[in-house]
Amino acid sequence: MSSQRTAGPADAAGLATDDAAWDEFVARAPNGAYPQLSAWAEVKAATGWRAERVLVGDPSARVGAQLLLHDIGPTPWQLAYAPRGPIADRLDAQAAETFTGTMRELARGRRLSHVAVDPQVEAGDVFESHLRAAGWRPAAPIQPDRTRLLDLAAGEEALWGDLRKKWRQYVTKARRSGVVVVERGHEGLDDFYDIYVETARRAGFVHRARAAYAAVYEAYARRGAARLLFARLADGSPGAALLLLHCGPTVIEPYGGMTRAGAESRANYLLKWEAIRSSQAAGFERYDMWGLSHPGIEHFKAGFGGREVRWTGTWELVLDPLVRGAVGAAQRLRVLVARRRQGVRGASGGMDAA
């Protein structure tokens, strides 16, 4: 889908309006991320979000974002969110100032109550001070703010050696018990959703409707940027599943889960190892486990090595504090209702990012 644009000199070649050119810019940016690709705008359009891209700066120092805009009820106001944006050739003070000025200008024309961003930069990075100086303030996280990253350039032998000894034993056990990893297409979405719902109920987080995950898979698969992997048990049933996406040199696993039978057979260990191994074999440079939202999930992922990363989290530029406060209250109520409807208890379960 094509997006509207607000662009500066760097848009001479129509980069902000051409999906393929925009995706190449995102993929090449040092902090490019999959929610900034055109496929994510397509996914969110089905739920009432409109995409608008901004791109400013000269060709050697571009900064931009794919913004998602949404009406605030029956009011004339809108909110804007750049998931994992902004992205830039260089995230420095000039990028923060230029991007913020563009957001203020856009806000006047769109009646924005606030703009939210959560750039893919690590917590403590100097870019945080640049955002603060430009008028942005920290806010509650929207996307997962902790992950584990694997350096795939280390090679398969080094990656295997980085697994905890027990994890390597579990991978071997799964293989010996007849578990195999297979890749499936659209026809596997029902099985994936069943596994994901079972996992959400067990781990205590709120899941969305099947259509949300199907839309993600289909939008990225059409661009050759999605894989749906399953660990198939010895009896032929699916025991674990992973939905993998990729952006430039990085493979991301935003959604996955396992059945109880899959856990007993250690199918999930073999599945994740094969996802890592096959990504390295395909030439990708980094593997992003995406979220550490639950103690059990965090423990499981830590056994595959890599390093834990904490992202800077969400920052907001508030243009109308009164409207922003009302939006926040409505969002908290929506999450509370969803949690109660699905029987989620405790503090660990939020909404996932679909």
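The values are calculated or read from the model by the stated rules, or taken from the named source; none is laboratory data. Fair warning: this is a prediction, and the values are worked out from it, not measured in the lab. Note: ideal-geometry Cβ built from the backbone for every residue, glycine included; neighbour counts use all protein chains shown. Only protein heavy atoms, including side chains, enter the accessible area calculation; ligands, DNA and RNA are left aside. Shrake-Rupley method; radii C 1.70, N 1.55, O 1.52, S 1.80 Å.
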Worksheet, complete the sentence: Under 21 Å between C-alpha atoms, the lysine pairs in the chain lying 8 or more places apart or on different chains count 8
Fill in: Added length on full extension, which subtracts the Cα-Cα distance from 0.36 nm per residue, residue 70 to residue 320
88.5 nm
Worksheet item: In the stretch 97-149, what percent of the accessible surface is made up of carbon and sulfur (1.4 Å probe, ligands and nucleic acids excluded)?
Response: 47
Worksheet item: How are the Cα pair distances of the stretch 250-316 distributed, in percent, across 5 Å bins from 0?
Response: 3, 13, 24, 26, 17, 10, 4, 2, 1
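At 1.4 Å probe radius, can you tell me the per residue accessible area of the stretch 1-153 in Å²?
On the way: 6170 Å² over 153 residues.
Here the residues of the stretch 1-153 average 40 Å² of exposed surface.
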Practice prompt. Quick one: among 252, 195, 297, which has the greatest mean-square fluctuation in a GNM of the chain with alpha-carbon springs under 10 angstrom?
Written response: 297
Worksheet entry | Size of the stretch 1-137 as Cα extents on the principal axes (Å, biggest first) | 39, 32, 26
Practice prompt. With a 1.4 Å probe and every protein chain left in place, tell me how much accessible area residue 308 has, in Å² to the nearest 10.
Written response: 90
Fill in: Diffusion constant of the stretch 57-98 at 20 °C, which comes from Stokes-Einstein with the Kirkwood Cα-pair radius and 1.002 mPa s, µm²/s
182
Worksheet item: Nearest 10 degrees, 0 to 90: what angle lies between the long axis of helix 210-221 and the longest principal axis of the chain (Cα atoms)?
Response: 80
Worksheet entry | Bins of 10 Å, starting at 0 and running to the largest distance - Cα pair percent for the stretch 146-266 | 12, 38, 39, 11
Practice prompt. For semi-axes √(5λ) of the Cα gyration tensor in Å, several values are listed as [x] 28, 26, 19; [y] 35, 23, 18; [z] 68, 21, 20; flag the one computed from this structure.
Written response: [y]
Discussion item. Which three extents, in angstrom, do the Cα atoms of the stretch 56-161 have along their principal axes, listed largest first?
Written reply: 57, 33, 23
Worksheet item: Counting only residues 5 or more places away or on other chains, whose amide H sits under 5 Å from the amide H of residue 67 once H atoms are built in the peptide plane?
Response: 52, 53, 54
Discussion item. Compute the orientation-averaged projected area for the stretch 151-211 from the convex hull of its Cα atoms and round it to one decimal in nm².
Written reply: 6.6
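Once the convex hull of the C-alpha atoms of the stretch 13-73 is built, how many Å³ does it hold per residue, rounded to a whole number? Provide the component values of the computation, followed by the final result.
Numbers: hull volume 5.2 nm³, N = 61.
Hull volume over Cα atoms, normalised by residue count, gives 86 Å³.
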Practice prompt. Using a 10 angstrom cutoff on alpha carbons, build the Gaussian network for the chain and name the most mobile of 238, 30, 295.
Written response: 295
Discussion item. Given R₀ = 30 Å, what would the calculated FRET efficiency be for residue 308 paired with residue 17, taking r from the Cβ atoms and rounding to 0.05?
Written reply: 0.20
Discussion item. Can you give the log10 of the normalised intensity I(q)/I(0) at q = 0.12 Å⁻¹, computed with Debye over equal Cα scatterers of the stretch 73-134?
Written reply: -0.32
Discussion item. Given contacts defined as C-alpha pairs under 8 Å and at least six residues apart, what's the relative contact order of the chain, whole-number percent?
Written reply: 21
Worksheet item: In degrees, nearest 10, range 0 to 90: what is the angle between the Cα axis of helix 165-176 and the longest Cα principal axis of the chain?
Response: 60
Practice prompt. Work out, step by step, the length gained on full extension between residue 211 and residue 187: first 0.36 nm times the residue separation, then minus their alpha carbon distance; give nm to one decimal.
Written response: 7.3 nm
Worksheet item: If you rank 285, 218 by how much accessible surface each has, with a 1.4 Å probe, what is the order from largest down?
Response: 285, 218
Item to complete: Just the Kirkwood number for the stretch 194-249, please: inverse of mean 1/r across all distinct Cα pairs, in Å, one decimal.
Response: 12.7
